[in-house]
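Structure record follows, encoded as C-alpha cells.
The values are calculated or read from the model by the stated rules, or taken from the named source; none is laboratory data. Keep in mind it's a predicted model, so treat the numbers as computed, not measured. When we count neighbours, we look across all protein chains shown, and the Cβ atoms used for this are built from the backbone with ideal geometry, even at glycine. All accessible areas refer to the heavy atoms of the entire protein, side chains included, with ligands and DNA or RNA removed. Shrake-Rupley method; radii C 1.70, N 1.55, O 1.52, S 1.80 Å.
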Amino acid sequence: MKTTYQTILDLSPLVRLGDGCLIDAGVLLGYRTGRQIQSEELIIGDNARIRSGTVIYAGTRIGNNFQTGHNVVIREENEIGDDVCIWSNTVLGYGCRLGNRVKLHCNITVGEFTVIEDDVFISANSVLPNDLHPGCAFSRQCMRGPHICRGAQIGVNVTIMPFVTIGERALIGGGSVVTHDIPPRAVAVGNPARVIKSISDLRCLTGLTDKPYPD
Ligand SMILES: CC(C)(COP(=O)(O)OP(=O)(O)OC[C@H]1O[C@@H](n2cnc3c(N)ncnc32)[C@H](O)[C@@H]1OP(=O)(O)O)[C@@H](O)C(=O)NCCC(=O)NCCS
C-alpha cells in the first residue's frame with residue numbers, strides 16, 4: 001500500500017518512510033537538530049500512523065506499526081522498536097532506546113538517555129527525568145534517564161528519578177516518586193516509593209480473573 005502524506009510541504013530527503021504509512025497534515029518529519037549527530041536520516045518502518053501536530057526530528061530510527069497521538073515530539077538519536085504507540089502531548093528526549101510494543105500514554109516527559117524495554121506501559125502524566133543535579137557544571141556529561149525493564153507497568157502521574165532501574169514486570173502505583181531501584185515483579189507505591197508486595201499477591205477486585213498478573 002502506498003504511503004499517504006497529507007501536507008503541502010515536500011517530504012525532506014532526510015526522511016525514509018516505509019509502505020502503508022498514513023501521515024496527517026500538520027506533521028513535521030525530519031526536523032533538524034542543532035546538535036551534532038552521526039546520521040541525519042529519519043527512518044520510519046511500514047504502516048505508521050502519525051497524527052497532526054507531531055514533530056519527529058531527523059536522526060531517529062523507528063520500526064513498523066508506529067503510532068502517535070497529536071502533538072507528540074520525538075527528538076533525534078532515538079532507537080524505537082516495532083508496534084510502539086506514543087500518545088498525545090508526550091515528549092521523548094534525544095538518545096533514548098525503546099523496545100517493541102512499548103506504550104507511552106498522554107502528557108509524558110521522557111528525559112534524554114532513557115531506556116525502556118519491550119512491553120512496558122507508562123500511564124499518563126508520568127515524568128522520567130535524567131539530570132540528578134540540575135545546573136551542575138557536569139550535568140551534560142552525566143545525564144541518564146531511568147532504565148525500565150521488560151514488561152514493567154508504570155501508573156499515572158509517576159516520577160522515576162535518574163539512574164533508577166525498574167525491574168522486569170514491576171508495577172509502580174499511581175502518584176509514586178521512585179528514588180531507588182525496584183526489584184523484578186515488585187509492587188511499589190508512595191513517595192519515596194516502597195515495595196509493598198509482589199505482583200503475584202495482587203487480586204482482582206471485580207472477579208473477572210483470579211490473578212491480574214499470572215506467573
Ligand atoms: C499499586 C496498586 C496496584 C496497589 O493495588 P492493591 O494492592 O490492590 O491495593 P491495596 O488496596 O491492597 O493497597 C495496599 C496498601 O497500599 C496503599 N496504596 C495502594 N496504592 C497506592 C498508591 N498508588 N500510592 C500510595 N499508596 C497506595 C493502600 O492505601 C494500602 O495501604 P493501607 O494498607 O495502609 O490501607 C494500585 O493501588 C495502583 O496504584 N494501581 C495503578 C493504577 C494506575 O495508575 N493505573 C494507570 C492506568 S489507567
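What the table below lists for this structure:
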| quantity | calculated |
| --- | --- |
| Residues within the range 82-133 that are under 18 Å from residue 56 (Cβ atoms), open to solvent by 60 Å² or more (accessible area, probe 1.4 Å) and touching a Phe, Trp or Tyr at 6+ places or on another chain (Cβ under 6 Å), tallied | 1 |
| Subset of the range 167-186 that is near the ligand (Cβ under 7 Å from one of its atoms) and surrounded by fewer than 21 Cβ atoms within 10 Å (Cβ to Cβ) - its residue that is farthest from residue 157 (Cα to Cα) | 173 |
| In the range 143-166, residue nearest to the ligand (Cβ to nearest atom) [restricted to those that are open to solvent by less than 50 Å² (accessible area, probe 1.4 Å), in a loop (DSSP other than H, G, I, E, B) and aliphatic (A, V, I, L, M)] | 158 |
| Positions within the range 198-215 being within 11 Å of the ligand (Cβ to nearest atom) and either surrounded by fewer than 11 Cβ atoms within 10 Å (Cβ to Cβ) or assigned to a loop (DSSP other than H, G, I, E, B) (or both), in sequence order | 202, 203, 204, 205, 212, 213 |
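The rows are residues; the columns are (1) under 19 Å from residue 12 (Cβ atoms); (2) in contact (Cβ under 8 Å) with a residue 24 or more places away in the chain; (3) in a loop (DSSP other than H, G, I, E, B).
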{"site": "47", "(1), (2), (3)": "no, yes, yes"}
{"site": "52", "(1), (2), (3)": "yes, yes, yes"}
{"site": "59", "(1), (2), (3)": "yes, yes, yes"}
{"site": "64", "(1), (2), (3)": "no, yes, yes"}
{"site": "70", "(1), (2), (3)": "no, no, yes"}
{"site": "94", "(1), (2), (3)": "yes, yes, yes"}
